[in-house]
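Engineer: First, the structure itself, so that you have it in front of you.
What follows draws every value from the coordinates through simple rules; no lab data is involved. None of these values were measured; they are calculated from a predicted model. Note that we place each Cβ from the backbone using ideal geometry, even for glycine, and neighbour counts take in every protein chain shown.
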Amino acid sequence: MKAMNIVSAVNDALDIKLTEDKSVVVYGEDVGYEGGVFRVTEGLQKKHGVERVFDSPLAESGIAGTAVGMAAAGLRPVIEMQFCGFIYPAFNQIISHVARLHNRSRGRYRMPIVIRLPYGGGINALEHHSESMEAIFAHIPGLKVVVPSTPHDAKGLLISAIESDDPVLFLEPKRIYRAIKQEVSEEKFSVPIGKAKVLSEGTDVTVVAYGAMIREVQKAMVMAKEAGYSVELIDLRTIYPLDKETIAASVKKTGRIVFVGEEPRSFGVGSEIMAVANEEAFLHLEAPPKRVSAFDVIVPYPRGEHHYMITPDKIFYEIERTIKF
Amino acid sequence: MFDQFDPADDKMVQVIDNNGKVISKELMPKLSDEEILKLYKDMLFVRTLDQMIVSYQRQGRVYTYPPNYGQEAIGVAAGAVLRHEDWLVPAFRELGAWLAKGVTMREVFMFNMGFEEGTKFAGANHMLPSSVPIASQLLHASGIGYAINYQKKDEVVMAFVGDGGTSEGDFHEALNFAGVWKAPVIFVVQNNQYAISVPVKMQTASVNMAIKSKAYGINGIKVDGNDIFAMLTVFRYAHDYVRTEKQPVLIEAVTYRKGAHTTSDDPTKYRTTDEEKEWDLKDPLRRMKLFLEKKELWSDDKEKKLVDEYEKEIDRQFIETEQTVQYPLEDAIRFTYAEMPQDLRDQQIEHEKFLQWKNARK
């Protein structure tokens, strides 16, 4: 075991896969020599060589599009979009080809591509550096979308993502990149894609969250505990395919559900969670399912971001309202 | 050759003139009479197949189809240089290259009848499906080129795009990535003068398309795309260069789309008959036929007999395809993922319950 944060856990997963599988290549803007602007790939080029871990020209469509060709030719590219909000030029390649070449070729060409995306707000950054776009990708047939919230899951999920024969959008909660330290095995292990995790068992309300919001919910749960409420916390870990069973089983037990996400509310992941609660556990509901999400606005510049970000007291407020309904 | 035909001087490689007369002997590719005849027959086959698909479309037996009419020399010459291990990254108007790679007529028919199965190209080694978003496929070629170098393989990628595609960002990113990576890719621009209705002068202020190579530090060359000998000479040269130098190349093949953009398009709305007549004289089959007749290798009788044979075989295979194709429900679902999510499986099961109910009502 070794103390790791999310940065070092992702680095460790990449190192393990680069070591054991020669078809794995890692590239993107500043990914090679410098080791990425968040230093996630630090040291990997030195260890695995410039042909396997390298800097690409500064063009997101080019990064995603060339990964399609590499995957067709038998490689397993792990590409980085420097920030989630920089991914827009690559939409055509991701939606038109990464997600579709398997279908278009009737399974002849698999697309084992991992697209790493530092995502989310709360870091006082420039515009386009704080987006949470998981719902957009989860809506695209052909893609899988993964968001770890801990160093352990970051390592295990990334190993699963690289080994997946389907393309995976791997969203890294950059706000907590170095905020959490955890003892993580140095051995290879994987966390399955498509499985949520019940982080805390409880009886009064189910809270569903993922990524950087898990830590905020856990802070709210301290307040909830003081108020005498028993909260069951589910970490989705994978957005698509969604683990409906775990959510439904929990709601059937607690009768109440609150979703917490830093995404804009409308048509988001939270909307899907509401649908699951209603479709799968309707007769067990004792209060309306509730979304605690960001406004349907562009992430404000840093001085206004506190209006946008979901805070523990806001989460507690909605938990209590739902329980007292 | 790249120095001799510098695109900055707007020079164009040509071997025969409009009357089939050899105008540059030194550029004539080495070919036996048999090989020369095969090139012509391949173009004739593409033209026959192409025209028959258009007529099937008019009969409502296939959906939208983009005709190759007038551009046959480029695809056929490409097919003549591509080896089994080489990659073909197609656009959608290079049928000769498709067939040479091993795409079957059944697949061509199925694609245009509306089956994804028609773009699997199961028997065509190292060929990607046709790509609809213009120029996006060129980046795949650059990525394949990277993989070829990384895997230390002796393979070449040939990727196609039209003149309109050179305006897309992906065209420029693909050339740039390939240049930086020294990817063994032959980028082929089929400059057929129109992007649907938009003439090439509205696409670019460049003197030609080949010159765009210079911005990316790679070689480019402009060729008469209606001159199959010129195409073959340049493709052979480029293939050898890309393999040995590990450098990409940009080839502009100057041609003319004699047909419509697709069967849904009407070119009389945006071009003149005078212009069409001028290009009729440059037609690739006409020019090669005149060349063959001078050498007494070909005649109208031979042509008629061969076209009859082609038509019979094409129609036989078309009817066989029509009668045997199926699109079961699961085919609409099962290829979305390599590993199908349970929820998607459940969606299919839910729909099948509805179908059972529907059938029980009959």
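Engineer: So what's the angle, to the nearest 10 degrees on a 0 to 90 scale, between helix A:151-163 and the longest Cα principal axis of chain A?
Structural biologist: Long axis of A:151-163 versus the principal axis of chain A: about 50 degrees.
Engineer: What is the Cα coordinate range of the protein assembly as shown on the first, second and third principal axes, sorted by size from largest, in whole angstrom?
Structural biologist: On the principal axes, the protein assembly as shown reaches 99, 68, 44 Å in Cα extent.
Engineer: Order the peptides A:88-94, A:257-263, B:149-155 from the highest to the lowest mean number of other Cβ atoms within 10 Å of their residues.
Structural biologist: A:257-263, A:88-94, B:149-155
Engineer: I want the antiparallel fraction of DSSP beta bridges within the protein assembly as shown, as a percent rounded to 5.
Structural biologist: 15
Engineer: Okay, helix-only estimate at 222 nm for chain B: each DSSP H run of n ≥ 4 adds -39500 (n - 2.57), divide by all residues, round to 500 deg cm²/dmol; what do you get?
Structural biologist: Value at 222 nm, helices only: -14500 deg cm²/dmol.
Engineer: What does the charge add up to near A:G36, with Lys and Arg as +1, Asp and Glu as -1, over the other residues with Cβ less than 13 Å from its Cβ?
Structural biologist: With Lys, Arg at +1 and Asp, Glu at -1, the net is -4.
Engineer: Under 5 Å between amide hydrogens, which residues at least 5 positions from A:V292 or on another chain qualify, with H placed 1.01 Å from N in the peptide plane?
Structural biologist: The list, which skips near neighbours in sequence, is A:F259, A:V260, A:G261.
Engineer: With θ taken as phi - 60° and the coefficients 6.51, -1.76 and 1.60, list the Karplus ³J(HN,Hα) couplings across segment B:30-40 in order, rounded to whole Hz; mark glycine and proline as x.
Structural biologist: Whole-Hz 3J(HN,Hα) from phi for segment B:30-40: 6, 8, 7, 4, 4, 5, 4, 4, 4, 4, 5.
Engineer: Going highest first, how would you order A:277-287, A:95-105 by mean Cβ packing within 10 Å?
Structural biologist: A:95-105, A:277-287
Engineer: 222 nm [θ] for chain A, helices only, -39500 (n - 2.57) per DSSP H run of 4+, per residue, to 500?
Structural biologist: Result for chain A, helices only: -10000 deg cm²/dmol.
Engineer: Would you list A:T66, B:T64, A:T41 from fewest to most Cβ contacts within 10 Å?
Structural biologist: Listing A:T66, B:T64, A:T41 from fewest to most nearby Cβ atoms yields B:T64, A:T41, A:T66.
Engineer: Let me ask something else about it. Enter the mean number of other protein chain beta carbons within 10 Å of the beta carbon of each residue in B:134-142, as an integer.
Structural biologist: Other-chain Cβ atoms within 10 Å of each residue's Cβ, averaged: 6.
Engineer: Sticking with this structure for a sec: For the pairs A:K144/B:K358; A:K46/B:K214; A:K290/B:K358; A:K197/A:K225; B:K201/B:K277; B:K201/B:K258, note any where the Cα-Cα span goes beyond 28 Å.
Structural biologist: A:K144/B:K358; A:K46/B:K214; A:K290/B:K358
Engineer: Using Cα-Cα distances under 8 Å and only pairs 6 or more residues apart, what relative contact order does chain A have, in percent?
Structural biologist: So the answer I get is 16 percent.
Engineer: Ok, one more. I'd like the orientation of helix B:72-81 relative to chain B: the angle between its Cα long axis and the longest Cα principal axis, in ° from 0 to 90, rounded to 10.
Structural biologist: 90
Engineer: Now, a different point. Evaluate the relative contact order of segment A:197-324 (contact order divided by residue number), counting alpha-carbon pairs under 8 angstrom at least 6 apart; express in whole percent.
Structural biologist: It comes to 30 percent, rounded to a whole number.
Engineer: What aspartates and glutamates does B:K222 reach when the alpha-carbon gap must be under 15 Å and sequence neighbours fewer than 8 apart in one chain are set aside?
Structural biologist: B:D3, B:D6, B:D9, B:D10, B:D163, B:E252
Engineer: Explain nothing, just the number: relative contact order of chain B, from Cα pairs under 8 Å at least 6 residues apart, as a whole percent.
Structural biologist: 22
Engineer: Hey, can you grab everything whose amide H is under 5 Å from the amide H of A:R76? Only 5+ residues off in sequence or another chain; H modelled, so Pro and N-termini drop out.
Structural biologist: Sorted by chain and number, the residues that satisfy this are A:V24, A:V25.
Engineer: Based on the Cα gyration tensor of segment B:45-129, what are the three equivalent ellipsoid semi-axes, each the root of five times an eigenvalue, rounded to whole Å and given largest first?
Structural biologist: Semi-axes, largest first: 21, 15, 9 Å.
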